[in-house]
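K.L.:
First the structure, then my questions, so here it is.
The values are calculated or read from the model by the stated rules, or taken from the named source; none is laboratory data. Note that the coordinates shown come from a computational prediction; the quantities given were computed from them, not determined experimentally. Glycine also receives a Cβ, built like all others from the backbone with ideal geometry; neighbour counts cover every protein chain displayed. Note: accessible area is taken over every heavy atom of the protein model, side chains too, but ligands, DNA and RNA are not part of it. Shrake-Rupley method; radii C 1.70, N 1.55, O 1.52, S 1.80 Å.
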Amino acid sequence: MTERPRVSARISAISESATLAVDAKAKAMKAEGRPVIGFGAGEPDFPTPDYIVEAAVEAAREPRFHRYTPAGGLPELKKAIAEKTARDSGYQVEPAQVLVTNGGKQAIYEAFAALLDPGDEVIVVAPYWTTYPESIKLAGGVPVFVTTDESTGYMAGVEQLEAARTERTKVLVFVSPSNPTGAVYPREQVRAIGQWALEHDLWVLTDEIYEHLVYGDTEFSSMPVEVPELADRTVVVNGVAKTYAMTGWRVGWIIGPKDVVKAAGNLQSHATSNVANVSQAAALAAVSGSLDAVATMRESFDRRRRTIVRMLNEIDGVVCPEPQGAFYAYPSVKGVLGKEIRGRTPATSAELAELILEEAEVAVVPGEAFGTPGYLRLSYALSDEDLAEGVSRVQKLLAEAR
């Protein structure tokens, strides 16, 4: 008698989050007393601003927050998110177009679940954040990858996207600023891609969670603002995690057409119900407050960005474009692969990342996790001292490459 699999094929096919796996291994090594410096996790190293924490403390004392609240989010938070969206990106929406979710990951999955039928194709630009393909597959869709590299600043053009489009294409995933590359699409390119999606009757899921983390003269552009006619076929994903140093509070949201938001909300009502009310109260304080704390964090990220790019480009065989947004550097390490380092010859960026962790005690994420082997992702959301020490260790190790 054939034994049935214990775990479903659908769930067995999901890969563990590579970024969280690297972070977990680094923390385990630290717990053993090893001086590991982690560039793996994508979260600010700053504490959540005090006024946000105080709002949460007050909410915890409020009896109405000890009970269930609407599954789609506190009405006052949905209203504040709509107002924040108009303030920050110029996109005018109603509270009924907002669904508050348990972080950006739930927002992304629920959006795909609401949009996709089995076999629908979704164009994803690589390098991509690890969760997009898994969420697409869980929702029954098929990810179709458009690969970019450092020669274009990791940005895709309309021609590449058109080459990937088929009669089954339903959605384009558009991310700017990008995780893992830090790429920020210029306004005219955002507009061109939006016009292309409109012309071919596609949906766009645009992830705007790094909207406030852009540097120098670079500007963030929201696709439904640049192409207003596309708004009825656009789902915006955002959250408080990166902007306000609130990764652990788990508050994200979907903004989209009312019918899609209602469908995603129905799913959430059965999956998780409402987001924790204390976290929602904290998010309300965050999106309703000033951006002064954000500006301070951005200044630190900008300084670290310039430092890490300079230091990485000092390594023979490493090429690191300057990221314009988010808090990641994405260097090519193809010039290091195949060389001997301390008796080992890493042939892939995954093998090189393992070598760096074991020999230099520095945790980085290999490009395989983001669909582009031959690269590493380093988050510069860590202290200036740790950043300089960590990259110095990598410099010394890779200087031995022969």
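K.L.:
Being open to solvent by less than 10 Å² (accessible area, probe 1.4 Å), under 18 Å from L20 (Cβ atoms) and either in contact (Cβ under 8 Å) with a residue 40 or more places away in the chain or part of a loop (DSSP other than H, G, I, E, B) (or both) is true for just one of L378, L397. Which residue is that?
P.N.:
L378
K.L.:
Something else: Is the stretch 238-249 home to any residue that is without any contact (Cβ under 8 Å) to a residue 60 or more places away in the chain, closer than 23 Å to A114 by Cα and either β-branched (V, I, T) or open to solvent by less than 50 Å² (accessible area, probe 1.4 Å) (or both)?
P.N.:
Yes, that holds for at least one residue.
K.L.:
Being over 21 Å from G289 (Cα atoms) and not basic (K, R) is the filter; apply it to the stretch 66-75 and report the residue that is surrounded by the most Cβ atoms within 10 Å (Cβ to Cβ).
P.N.:
G72
K.L.:
Where the second residue is of a type in the set (F, W, Y) and open to solvent by 20 Å² or more (accessible area, probe 1.4 Å) and the first is under 16 Å from A293 (Cα atoms) and lies in the stretch 37-64, which pairs have Cβ atoms under 8 Å and are six or more apart or on separate chains?
P.N.:
T48/W249
K.L.:
Separate question: Is it the case, given these coordinates, that A264 is in contact with a strand residue (DSSP E or B) (Cβ under 7 Å, 6 or more places away or on another chain) and either open to solvent by 50 Å² or more (accessible area, probe 1.4 Å) or part of a helix (DSSP H, G or I) (or both)?
P.N.:
Values: in contact with a strand residue (DSSP E or B) (Cβ under 7 Å, 6 or more places away or on another chain): yes; either open to solvent by 50 Å² or more (accessible area, probe 1.4 Å) or part of a helix (DSSP H, G or I) (or both): yes.
So A264 passes the test.
K.L.:
All but one of (1) within 17 Å of V235 (Cβ to Cβ); (2) at pLDDT below 95; (3) of a type in the set (S, T, N, Q) hold for S135; which doesn't?
P.N.:
Answer for S135: the failing condition is (2).
K.L.:
Please determine whether any residue of the stretch 153-175 is out of contact with any Asp or Glu (no Cβ under 8 Å at 6 or more places or on another chain), on the phi < 0 side of the Ramachandran plot and among the hydroxyl-bearing types (S, T, Y).
P.N.:
no
K.L.:
Look through I308, I315, I341 and report the one residue that is in contact with a strand residue (DSSP E or B) (Cβ under 7 Å, 6 or more places away or on another chain), open to solvent by less than 50 Å² (accessible area, probe 1.4 Å) and modelled with pLDDT of 95 or more. Can you show your working first?
P.N.:
Working: I315 fails: in contact with a strand residue (DSSP E or B) (Cβ under 7 Å, 6 or more places away or on another chain); I341 fails: in contact with a strand residue (DSSP E or B) (Cβ under 7 Å, 6 or more places away or on another chain).
None of the other options fit; the residue is I308.
Yes/no per residue for (1) more than 13 Å from the chain's Cα centre (by Cα); (2) small (G, A, S); (3) in a loop (DSSP other than H, G, I, E, B):
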position: A107; (1), (2), (3): no, yes, no
position: A111; (1), (2), (3): yes, yes, no
position: A114; (1), (2), (3): yes, yes, no
position: V122; (1), (2), (3): yes, no, no
position: Y128; (1), (2), (3): no, no, yes
position: G140; (1), (2), (3): yes, yes, yes
position: F145; (1), (2), (3): yes, no, no
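K.L.:
Restricting attention to the stretch 347-363, does a residue exist that is at pLDDT below 95, under 18 Å from the mean Cα position of the chain (by Cα) and open to solvent by 10 Å² or more (accessible area, probe 1.4 Å)?
P.N.:
no
K.L.:
Another question, if that's okay. Within the stretch 138-151, count every residue that is modelled with pLDDT of 95 or more, among the polar types (S, T, N, Q) and more than 19 Å from W196 (Cα to Cα).
P.N.:
Of the residues in that region, 0 qualify.
K.L.:
Please work out which residue is farthest from G103 (Cα to Cα), limiting yourself to the stretch 22-64 and to residues that are among the acidic types (D, E) and outside any helix (DSSP H, G or I).
P.N.:
Among them, the one singled out is E32.
K.L.:
Could you go through the stretch 284-291 and let me know if any residue there is at pLDDT below 95 and open to solvent by 40 Å² or more (accessible area, probe 1.4 Å).
P.N.:
yes
K.L.:
Could I ask something else about it? Restricting to the stretch 286-310, name every residue that is hydroxyl-bearing (S, T, Y) and either under 12 Å from T243 (Cα atoms) or outside any helix (DSSP H, G or I) (or both).
P.N.:
Correct list: S290, T296.
K.L.:
Test A96 against the criterion of being modelled with pLDDT of 95 or more, within 21 Å of L284 (Cβ to Cβ) and among the aliphatic types (A, V, I, L, M), and give yes or no.
P.N.:
Against the criterion (modelled with pLDDT of 95 or more, within 21 Å of L284 (Cβ to Cβ) and among the aliphatic types (A, V, I, L, M)), A96 qualifies.
K.L.:
Regarding the stretch 207-217, can at least one residue be identified that is surrounded by fewer than 24 Cβ atoms within 10 Å (Cβ to Cβ), hydroxyl-bearing (S, T, Y), modelled with pLDDT of 95 or more and within 19 Å of the chain's Cα centre (by Cα)?
P.N.:
Yes: the stretch 207-217 contains one or more residues that are surrounded by fewer than 24 Cβ atoms within 10 Å (Cβ to Cβ), hydroxyl-bearing (S, T, Y), modelled with pLDDT of 95 or more and within 19 Å of the chain's Cα centre (by Cα).
K.L.:
Then there's this: Conditions: (1) out of contact with any helix residue (DSSP H, G or I) (no Cβ under 8 Å at 6 or more places or on another chain); (2) β-branched (V, I, T); (3) modelled with pLDDT of 95 or more. V240 meets all but one. Number of the miss?
P.N.:
(1)
K.L.:
Further question: Could you say which residue among V225, V190 is over 17 Å from K105 (Cα atoms), assigned to a helix (DSSP H, G or I), among the hydrophobic types (A, V, I, L, M, F, W, C) and open to solvent by 10 Å² or more (accessible area, probe 1.4 Å)?
P.N.:
It is V225.
K.L.:
Related question: List, please: which pairs have Cβ atoms under 6 Å, are six or more places apart or on different chains, and start with a residue in the stretch 297-308 that is among the small types (G, A, S) and end with one that is surrounded by 21 or more Cβ atoms within 10 Å (Cβ to Cβ)?
P.N.:
Qualifying pairs under 6 Å: none.
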